[in-house]
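I have placed the structure first, in the form of structure tokens, so that the comments after it can refer back to it.
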Amino acid sequence: MSRPTLRLYFRRLKALCLGRVAEIAPMLEDRSPRWVLFCALVVLLGCGFYGTSVGLWRSPVQSLYTGLKIPLLIFLTCAGNALLNGMLGQILGAGLGFRQTSVAIGLSFVTAACILGAFSPLTFFVLYNTPPLASAGQATGHSITLLTHVALIAYAGIMANVRLLSLLRHFAGARGPALATLLAWLGGNLLLGTQLSWVLRPFIGSPGLPVEFLRAEPLRGNFFEAVWAAIQRLL
């Protein structure tokens, strides 16, 4: 990419993070492969760097695996819900076509990747102050790590979607349909994203289990059971 093109794309990235509707709306019509590649690279770098901090509590190898899997989780969630989000947008009166909906959702994940990348120094600090794997408090350390990252990822996802509210109001022409669409997208992405994260586990790595890229029984249990068990261990 040329320097002028990169400067343009970084200005767009800033507009995304700040929620500037007048600058974001034209992005929905940009079909340039370079722009798509730039957005994919932002997700890979932001989520990948964040992912290394997630898995590092367990081991450096787990850190590498998680750095690869969090961007994969983002791409799969975006692709898996593309049709559903498009239909919800049409039904709820968002004023966006199927392609525009997919682009808008993709841009929200780019924003989430920026937020997660910015959280990385914080997560390394949490890692430094969490009971390590070799200590007697390893179960507590695992629970703290799990719940911290669940909260941070949820925050990044919610804030990225909230940035879409002004954009949806711009196209829908009213707050009601825009808010309904946003909540529907949030719910769909939450349900698919949490289940995909369970299938793609481990991200942190349980103390009593080996370091693996994927577990042998991906459909055994679910995400919400794991979160509830982590909460109970801390109570």
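Quick check on region 86-131: of everything there that is of a type in the set (Gly, Ala, Ser) and not in a helix (DSSP H, G or I), which residue is surrounded by the most Cβ atoms within 10 Å (Cβ to Cβ)? Going through the qualifying residues, I end up with ALA94. Residue pairs whose Cβ atoms lie under 6 Å apart, sitting 6 or more positions apart in sequence or on different chains, and linking a residue in region 107-135 that is in contact (Cβ under 8 Å) with a residue 12 or more places away in the chain to a partner that is among the aromatic types (Phe, Trp, Tyr) and not in a helix (DSSP H, G or I), are LEU127/TRP57.
Search region 187-233 for residues being among the aliphatic types (A, V, I, L, M), farther than 14 Å from LYS69 by Cβ and in contact with a helix residue (DSSP H, G or I) (Cβ under 9 Å, 6 or more places away or on another chain), and hand back the single one that is surrounded by the fewest Cβ atoms within 10 Å (Cβ to Cβ). It comes out as LEU219.
For every residue, the table says whether it meets (1) among the acidic types (Asp, Glu); (2) closer than 28 Å to GLY67 by Cβ; (3) in contact (Cβ under 8 Å) with a residue 24 or more places away in the chain; (4) crowded, with 16+ Cβ neighbours inside 10 Å.
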residue	(1), (2), (3), (4)
THR5	no, yes, yes, no
PHE10	no, yes, no, no
LEU16	no, yes, yes, yes
VAL21	no, no, yes, yes
PRO26	no, no, no, no
SER32	no, yes, no, no
TRP35	no, yes, yes, yes
VAL42	no, yes, yes, yes
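Restricted to region 1-48, and to residues there that are among the polar types (S, T, N, Q) and assigned to a loop (DSSP other than H, G, I, E, B), the residue that is nearest to LEU72 (Cα to Cα) is SER32. Hey, any hits in region 203-226 for a residue that's of a type in the set (Gly, Ala, Ser), part of a loop (DSSP other than H, G, I, E, B), within 30 Å of CYS17 (Cα to Cα) and in contact (Cβ under 8 Å) with a residue 12 or more places away in the chain? Scanning region 203-226 turns up no residue that is of a type in the set (Gly, Ala, Ser), part of a loop (DSSP other than H, G, I, E, B), within 30 Å of CYS17 (Cα to Cα) and in contact (Cβ under 8 Å) with a residue 12 or more places away in the chain. Residue-level check: of (1) assigned to a helix (DSSP H, G or I); (2) more than 19 Å from LEU72 (Cβ to Cβ), GLY193 misses just (2).
Just so you know, all these numbers are worked out from the coordinates, no wet-lab data involved. These figures come from a predicted structure and were not determined experimentally. Please note: Cβ atoms are built from the backbone with ideal geometry, for glycine as well, and neighbour counts cover all protein chains shown.
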